[in-house]
Amino acid sequence: MSDGDGHDGHDGHRAASDLRVESYLVSAGRPARAPGAPVNPPVQLTSTYAADGAVNYARVGNPTWSAFEEVLGGLEGGEALVHASGMGAIAAALSLVPAGGTVLAPDQTYNGTVDLLAAFAAAGGTVLRRHATDTAGLLEEIARADLVWLESPTNPLMDVVDLPVVLAAARTAGVPSVVDNTLSTPLLCRPLTLGADVVVHSVTKYLAGHSDVVLGATVVGWDARGQAIGERLRRHRTLHGAIAGPMEVYLALRGLRTLALRFERGCASAAELARRLHGHPAVTRVRYPGSGAMLAIDVVGDAAAAERVCAATTVWLHSTSLGGVESQIERRRRHPSEPVGVPESLLRLSVGIEHVEDLWADLDRALREVSASRT
Ligand SMILES: Cc1ncc(COP(=O)(O)O)c(C=O)c1O
């Protein structure tokens, strides 16, 4: 598969097909074409299978999972496993660290990961933290780590990690690395091609894209090292039992078909909104990583003012989560578990597929209304 810009995607990982990504997303993971064959893979509602087949029980495998895993694996350039949620995938990846081991991570990541790492530390592990943009600091700590955990851009501060440099250094040092690729999606970044050992996704977000399922995935490389790690992740999934329902996986596969279109629109609108928000009288800082469909803004005033902006929007949906077709807005510090490094007045914006002028008019009006009510 080559990427949307027409670059050759053959990068040492097994190529899923020679199609460009938009076409690949539409055609991959379908039943073989034959007279009368269905267009979509069936939803296999079964807990068990007749004896002596390749898989004997549905906690181990399901053909509906396989179709989704085939498509996502091809997209990332590796082998995918679907998990019950993004957190299920993150927990599986963190299980690669030995008890009492050491994880190196940016000082601010998605708050579920922050909490899970805190639990890991409370159980005797060590978490080394450096700022996401402190590349020299991250490189300095790699040798002390059993696992390097990266997320880029970080959620919600939108800091960008120098993935090519940090992942290459981890590989050279022989330290396994994981990248949470939820915000970038494989359309913007394919961490396995940069040396990552595991890619993690909250499929709930862009990949499924319609705010109707909670789902996760891990992806490992095709090489022997990737396959060995993949076996451990698969075993974790089977034994801990955080498995996906076939209906959810079917919906995620259906969502994947339009990922390129949805993401292209979201990225274009996010860039335009970021441009317009710079210099807005009610905004003190725009956090936009330069690509992707997410941004964050620090608004003038306190937490209550920021909450009022969310409440005043009518096109933007005031809700948690991101990556759906509907644009979402949220003050992240409303969650007690959000790291204190996230400003009280920061609003996270997930840009969906509505018309950009409707999004702008709604946000600009809400910001100005709240601003006017303070004076
Ligand atoms: C970057 C990131 N990773 C992981 C997760 C967790 O995924 P899930 O909610 O599917 O468990 C989230 C959820 O918000 C996220 O934003």
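Checked against the criterion of being at pLDDT 95 or above, of a type outside the set (S, T, N, Q), buried (at least 18 other Cβ atoms within 10 Å of the Cβ) and part of a strand (DSSP E or B), the candidates Val175, Val219 yield just one match: Val219.
Hey, among the residues in region 65-112 that are within 16 Å of the ligand (Cβ to nearest atom) and hydroxyl-bearing (Ser, Thr, Tyr), which one's farthest from Leu147 (Cα to Cα)? Ranking the candidates gives Ser85 first.
Considering only region 183-197, I want to know if a residue exists there that is in the same structural domain as Gly78 (by TED's automatic domain parsing), β-branched (Val, Ile, Thr), away from the ligand (no atom under 11 Å from the Cβ) and more than 30 Å from Glu22 (Cβ to Cβ). Within region 183-197, not a single residue is in the same structural domain as Gly78 (by TED's automatic domain parsing), β-branched (Val, Ile, Thr), away from the ligand (no atom under 11 Å from the Cβ) and more than 30 Å from Glu22 (Cβ to Cβ). The residue that is modelled with the highest pLDDT, counting only those in region 1-41 that are acidic (Asp, Glu) and in a loop (DSSP other than H, G, I, E, B), is Asp18. Annotation note: Cβ proximity below 7 Å between a residue of region 88-102 that is hydroxyl-bearing (Ser, Thr, Tyr) and a residue that is within 16 Å of the ligand (Cβ to nearest atom) (sequence gap 6+ or interchain) occurs for Ser95/His236.
Would you be able to say whether some residue in region 323-331 is on the phi < 0 side of the Ramachandran plot, in contact with a Pro (Cβ under 9 Å, 6 or more places away or on another chain) and crowded, with 19+ Cβ neighbours inside 10 Å? Checked against the condition, which is being on the phi < 0 side of the Ramachandran plot, in contact with a Pro (Cβ under 9 Å, 6 or more places away or on another chain) and crowded, with 19+ Cβ neighbours inside 10 Å, region 323-331 yields at least one hit. The residues of region 222-261 that are farther than 21 Å from Gly78 by Cα and either acidic (Asp, Glu) or outside any helix (DSSP H, G or I) (or both), listed by number, are Gly241, Ala242, Gly245, Glu248.
Residues that are surrounded by fewer than 24 Cβ atoms within 10 Å (Cβ to Cβ) and in contact with a helix residue (DSSP H, G or I) (Cβ under 8 Å, 6 or more places away or on another chain) within region 191-204 comprise Leu194, Gly195, listed in sequence order. For region 301-344, a tally of residues being out of contact with any helix residue (DSSP H, G or I) (no Cβ under 9 Å at 6 or more places or on another chain), under 21 Å from Glu357 (Cβ atoms) and of a type in the set (Ser, Thr, Tyr) returns 0.
Total residues in region 208-219 satisfying the condition of being touching a Leu at 6+ places or on another chain (Cβ under 7 Å) and either more than 10 Å from the ligand (Cβ to nearest atom) or closer than 9 Å to Gly86 by Cα (or both): the figure is 5.
For beta carbons closer than 8 Å, sequence separation of 6+ or different chains, a first residue in region 333-358 that is free of Cβ contacts under 8 Å to residues at least 24 places away in the same chain and a second that is buried (at least 19 other Cβ atoms within 10 Å of the Cβ), there are no qualifying pairs.
Conditions tested, residue by residue: (1) in the same structural domain as Glu354 (by TED's automatic domain parsing); (2) free of Cβ contacts under 8 Å to residues at least 60 places away in the same chain; (3) in contact with a strand residue (DSSP E or B) (Cβ under 8 Å, 6 or more places away or on another chain).
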residue: Thr204; (1), (2), (3): no, no, yes
residue: His210; (1), (2), (3): no, no, no
residue: Val213; (1), (2), (3): no, yes, no
residue: Gln227; (1), (2), (3): no, no, yes
residue: Pro246; (1), (2), (3): no, no, no
residue: Ala268; (1), (2), (3): yes, no, no
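The values are calculated or read from the model by the stated rules, or taken from the named source; none is laboratory data. Because the structure is predicted, anything quoted here is derived from the model rather than measured. Note: ideal-geometry Cβ built from the backbone for every residue, glycine included; neighbour counts use all protein chains shown.
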